[in-house]
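Written out below as structure tokens is the structure these notes cover.
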Amino acid sequence: MIKEPYLEFSQGIHCCPRAGITEYMVYDSKFKVRKKEIFVGAVGTSQSLQSLNEWIEKCSNFIAAKPNSNQPNLYTSFSGFNENSGFSAKLIYEEEITKRIFNRDIKRVLEIRNWNKLVSEAVDLFYNNILFLAQNRNVDVIVCVIPNNLYKKIVNKNEDNEVEEKIDDTHTDIEMNFRRALKAKAMHLSRPIQIIRQLTFQDTSTQQDIATKAWNFCTAVYYKTGQTVPWKLIKNEARSAACYVGIGFYRSRDKKILNTSLAQIFNDLGNGVILRGTPVEIDKNDRRPHLTSGQAYELLSSAINEYEFALETSPGRLVIHKTSNFSDEEIAGLRGAAEDRRINSIDFITILDSTFRFFRDGIYPPARGLSFKLDRDHHILYT
């Protein structure tokens with residue numbers, strides 16, 4: 001069992017983010033210069049936007065925990081998102097920073113029988129409105145509310161759609177994922193987006209309780225604003241400062257470049273910056289994109305430069321992770337960049353999906369930090 005790390009908040013420490021915010025306020029509330037008003041833009045139908053307005057109003061106040069629960073540590077009350085409670089800030093939501101999608105446009109998309117085309121059109125419909133808000137309105141984050149009827153279509157492929165796609169010349173081997181596609185397309189706008197189903201605003205027995213949903217929504221919006229720090233890991237002075245680098249790949253917007261390297265750099269506060277790398281090739285053996293030694297060297301060197309510029313110090317340790325195995329070329333390039341900066345501690349972590357399922361006696365889910373070792377290079381960690 002890996003011990004739960006303590007988090008630092010404005011007025012104290014706690015291992016639970018929700019309890020810490022409630023009792024000790026968000027970490028950045030100790031600063032004199034901080035963002036106290038978060039402007040929430042939104043895209044959706046008239047009904048969806050009205051539901052969001054009511055939801056944000058509800059989240060501004062205290063919400064009691066799930067009643068009669070035998071799991072009080074799992075289902076906690078929501079402190080309320082306002083200037084006098086844990087977040088010490090307020091959400092600003094006004095009609096002038098929203099964009100309405102007409103029902104006729106939703107209907108037009110729903111009539112498309114080819115599933116990939118349907119998802120593509122749905123992405124474009126939301127993106128065009130996100131683009132307008134990002135370029136013409138003062139917004140910190142943009143919430144995209146997916147109507148229930150559209151959500152059912154973009155997550156489920158029915159048999160009619162599948163039959164048509166088999167004979168459609170425009171069918172692609174890689175199915176589109178609405179959430180990923182929309183976030184990738186909007187990435188260059190430098191405005192974070194939060195995608196949420198309209199159904200989330202309803203209180204039903206098949207969903208999470210209201211307080212839990214409020215915690216998830218408000219914490220995500222607060223963090224995504226970018227100029228905010230809800231909490232930070234307590235720094236161990238005996239350890240060297242660490243730079244965390246995540247390497248991924250994505251398709252270019254014009255679809256001409258299949259994969260481009262991408263690095264996300266995070267410091268101890270959880271603040272990050274995204275760097276774009278160069279086009280890469282698909283490996284013929286494992287059918288996954290990989291960096292050449294030179295590309296890996298340049299990408300990590302740029303990441304270290306960004307870290308040093310932001311913190312005015314060099315990292316003593318590098319933690320590099322990706323969702324596929326590291327090739328020998330990648331390791332050589334990454335090690336070379338670290339050695340040239342005289343960084344001796346470097347961890348390579350591959351994070352993969354697993355079919356393993358953990359269960360725990362009693363009424364609580366498995367404890368975070370549960371881990372066991374398969375061999376020297378393979379471990380399983382429950383987070």
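Taken together, the values in this text are just the output of simple stated rules run on the coordinates, not laboratory data. As the structure is a computational prediction, the values presented were derived from the model and not from experiment. Here the Cβ positions follow ideal geometry from the backbone for every residue, glycine too, while neighbour counts run over all protein chains shown.
Roughly speaking, what % of Cα-Cα pairs in the chain are separated by over 38 Å, rounded to a whole number?
Numbers: 19565 of 73153 pairs.
More than 38 Å apart: 27 percent of the Cα pairs in the chain.
Give LYS117/LYS152; LYS35/LYS99; LYS36/LYS224; LYS90/LYS152; LYS99/LYS213 a once-over and call out the pairs whose C-alpha atoms are over 26 Å from each other.
On the way: LYS117/LYS152 15 Å; LYS35/LYS99 24 Å; LYS36/LYS224 14 Å; LYS90/LYS152 32 Å; LYS99/LYS213 24 Å.
Where the Cα-Cα span goes over 26 Å, the pairs concerned are LYS90/LYS152.
For the stretch 301-317, just list the computed ³J(HN,Hα) in residue order, Karplus coefficients 6.51, -1.76 and 1.60, θ = phi - 60°, integers in Hz, with x standing in for Gly and Pro.
So the Karplus estimates, Gly and Pro as x, are 4, 5, 5, 5, 4, 5, 4, 5, 5, 6, 9, 6, 7, 9, x, x, 8 Hz.
Can you list residues whose amide H is under 5 Å from HIS290's amide H, if they're 5+ apart or on another chain and H is modeled 1.01 Å from N?
GLU281, ASP283
Report, in debye and to the nearest 20, how large the dipole of the chain comes out about its Cα centre when Lys and Arg carry +1 and Asp and Glu carry -1 on their Cβ.
Result for the chain is approximately 600 debye, rounded to the nearest 20.
Nearest-5 percent of antiparallel DSSP beta bridges in the stretch 7-224?
Values: 3 of 18 bridges.
Taking every DSSP beta bridge with both residues in the stretch 7-224, the antiparallel ones total about 15 percent.
Rounded to the nearest 5, what % of the DSSP beta bridges within the chain are antiparallel ones?
If I count the DSSP bridges inside the chain, around 50 percent turn out antiparallel.
Return the long-range amide H neighbours of LYS99 (sequence gap of 5 or more, or a different chain), with a cut-off of under 5 Å between placed amide H atoms.
Counting only residues 5 or more places away or on other chains, the set is ALA42, VAL43, GLY44.
Given LYS66/LYS235; LYS32/LYS185; LYS322/LYS373, which pairs have Cα atoms separated by over 30 Å? Write down the numbers at each step before the final one.
Details: LYS66/LYS235 34 Å; LYS32/LYS185 35 Å; LYS322/LYS373 20 Å.
In this structure, LYS66/LYS235; LYS32/LYS185 lie more than 30 Å apart at Cα.
Can you list residues whose amide H is under 5 Å from LYS232's amide H, if they're 5+ apart or on another chain and H is modeled 1.01 Å from N?
Amide H neighbours of LYS232: GLU8.
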